[in-house]
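First up is the structure itself, then whatever we jot down about it.
The values are calculated or read from the model by the stated rules, or taken from the named source; none is laboratory data. For clarity, every value in this text was computed on a predicted model and none was experimentally measured. Cβ placement follows ideal geometry from the backbone for every residue including glycine, while neighbour counts extend to all protein chains displayed. When the accessible area is computed, the model is the full protein with side chains, heavy atoms only, and any ligands, DNA or RNA have been set aside. Shrake-Rupley method; radii C 1.70, N 1.55, O 1.52, S 1.80 Å.
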Amino acid sequence: MNETPMRVYAEIDLDAVRGNVRALRERAPRSELMAVVKADAYGHGALACAKAAQEAGATWLGTATPDEALALRAAGVEGRIMCWLWTPGGPWREAVEADLDVSVSGMWALDEVREAARAAGRPARIQLKADTGLGRNGCQPADWAELVGAAVAAQAEGTVRVTGLWSHFACADEPGHPSIQLQLTAFRDMLAYAEKEGVEPEVRHMANSPATLTLPESHFDLVRPGLAVYGVSPAPELGTPAELGLRPAMALKASLALVKTVPAGHGVSYGHHYVTDAETTLALVPAGYADGIPRHASGRGPVLVGGRIRHVAGRVAMDQFVVDLDGDTAAAGDVAVIFGDAERGEPTAEDWAQASDTIAYEIVTRIGGRVPRVYLGA
């Protein structure tokens with residue numbers, strides 16, 4: 001724990017990360033688990049969380065960008081790492097030499113990775129992504145035969161090894177949505193075609209966090225949870241973290257910068273959207289939207305101060321916001337919990353998501369680089 005009080009800091013409980021990985025493995029006992037650590041592990045710190053996940057039995061790590069994956073390799077992280085968001089001219093050769101698994105969604109990517117493999121003098125490990133209905137990355141069914149055929153030919157010439165076939169759900173966080181079964185059917189059809197043409201993948205995978213939790217028929221050889229690894233529910237409809245057997249890993253805290261008494265009728269923060277209705281005490285929380293506190297939560301975001309839940313009074317500014325203590329006493333240096341674990345009586349990332357009209361994914365991921373991470377259980 002921090003010995004010197006900090007303006008604002010995120011406590012990251014690595015034991016919670018480990019426990020969440022174990023709980024998710026129990027949900028998919030016949031599948032391997034890829035811990036997705038993209039976007040700096042959803043704001044939690046990619047290197048520390050990658051190591052914790054591996055310690056708990058994650059056999060794969062996943063990142064969006066190749067730079068994220070290469071940074072893990074440069075930091076000494078071993079084992080299987082997959083990255084999937086590529087643009088032309090990306091660091092294909094570096095990825096091949098770092099023994100990464102790279103995703104291929106179209107012919108241009110296959111051409112570039114083959115060229116990189118020739119330059120590196122070793123085969124590239126590639127995974128073919130099928131667009132089964134999400135409509136983002138991935139190969140359309142109409143183009144699947146061409147891509148599979150070219151990948152099989154590249155494997156025969158020794159420039160690639162097709163290690164995986166995969167896809168991604170659009171609506172797995174909406175149980176019963178008709179697209180779920182349609183995508184599963186499309187994926188099975190595209191798998192069957194690729195395997196008929198000679199692809200022998202090590203892993204077939206489709207399940208993200210909500211599918212890992214609710215759709216065992218989607219688990220295949222590997223599940224790919226992201227947000228759930230960090231103990232945040234991927235959708236309120238699926239249940240709270242506690243109901244899902246998860247524990248939030250991040251607690252965002254700040255040291256109060258000032259507590260003062262103000263009279264009735266006193267405006268608070270820009271625009272005076274909040275005006276005190278009686279003499280009261282105001283506490284200044286030294287964190288703002290430059291740290292990742294959503295401005296959209298102005299007037300609504302919950303904060304635990306002095307054992308009670310308060311709410312942002314007025315607008316969130318770049319570096320600070322105010323809470324009305326309703327006359328309660330507090331002192332500069334007291335800790336305000338912006339979000340953490342509901343089981344400890346703290347506001348949650350989901351509470352802030354609702355206050356901001358967004359999703360919990362954004363709340364934890366947006367916590368900025370000037371917020372120190374303090375690791376517990378390292």
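Residue by residue, the range 353-367 carries 3J(HN,Hα) couplings of 4, 5, 5, 10, 6, 9, 10, 4, 3, 5, 4, 6, 6, 7, 4 Hz when phi is fed to the Karplus relation 6.51 cos²θ - 1.76 cosθ + 1.60 (θ = phi - 60°); x denotes Gly or Pro.
Amide H contacts for VAL223 (H built 1.01 Å from N in the peptide plane; partners 5 or more residues away or on another chain; cut-off under 5 Å): GLU32, LEU33, MET34. Note on the chain: with charges restricted to the Cβ of Lys and Arg (+1) and Asp and Glu (-1), its dipole about the Cα centre is near 420 debye.
In the complete set of protein chains, residue-level accessible area for TYR289 is approximately 90 Å², probe 1.4 angstrom.
Less than 5 angstrom separates the built amide H of VAL316 from those of SER298, GLY299, all sequence-distant by 5 or more or on a different chain. On the basis of the beta-carbon distance and an R0 of 25 Å, ASP67 and ARG136 show a calculated FRET efficiency of 0.80. Taking all protein chains as they are arranged and a probe of 1.4 Å, the heavy atoms of SER233 leave approximately 10 Å² accessible to solvent. Across the range 85-194, C-alpha contacts under 8 Å between residues 6 or more apart give a mean separation that, scaled by the residue count, equals a relative contact order of 25 percent.
For semi-axes √(5λ) of the Cα gyration tensor in Å, the value calculated from this model appears in (i) 43, 30, 16; (ii) 45, 20, 18; (iii) 36, 22, 20 under label (ii).
Converting phi to 3J(HN,Hα) with the Karplus coefficients 6.51, -1.76 and 1.60 and the offset θ = phi - 60°, the range 340-349 yields x, 10, 4, 5, 9, x, 9, x, 10, 4 Hz in sequence order, with x at every glycine or proline. Of ASP111, ASP221, ASP351, the residue with the greatest mean-square motion in the GNM of the chain, using alpha carbon springs below 10 Å, is ASP111. Applying 1/(1 + (r/R0)^6) with R0 = 56 Å to the Cβ-Cβ distance of ASP99 and HIS272 gives a FRET efficiency near 0.45. LYS253 sits with roughly 40 Å² accessible to a 1.4 Å probe, with DNA, RNA and ligands left out of the calculation. When GluC sites (Glu not before Pro) are flagged only if DSSP places them in a loop and at most 13 other Cβ atoms lie within 10 Å, the longest unflagged stretch of the chain comes out as 79-196. With K and R counted +1 and D and E -1, the other residues having a Cβ less than 14 Å from that of GLY176 yield a net charge of -4. The angle between the Cα long axis of helix 46-55 and the main principal axis of the chain comes to about 70°, on a 0 to 90 degree scale.
Nearest 10 degrees is fine. How inclined is helix 141-157 to the longest principal axis of the chain, computing both from alpha carbons? For 141-157 against the chain, the angle is about 60 degrees.
Couplings for the range 98-104, taken from phi via the Karplus curve 6.51 cos²θ - 1.76 cosθ + 1.60 with θ = phi - 60°, read 8, 6, 8, 8, 10, 8, 10 Hz in order; Gly and Pro are left as x. In this structure the amide hydrogen of ARG161, modeled in the peptide plane, comes within under 5 Å of the amide hydrogens of ALA124, ARG125, ILE126, none closer than 5 places in sequence on its chain. Taking VAL335, VAL102, VAL223 in turn, the Gaussian network model of the chain (Cα-Cα springs below 10 Å) assigns the largest fluctuation to VAL335. Under 10 Å, Cα contacts only: if you run a Gaussian network model on the chain, which one of ALA74, ALA151, ALA317 comes out with the highest mean-square fluctuation? Its mean-square fluctuation being the largest, the pick is ALA74.
Entry note, the chain: relative contact order of 19 percent, from Cα contacts under 8 Å with a spacing of 6+ residues.
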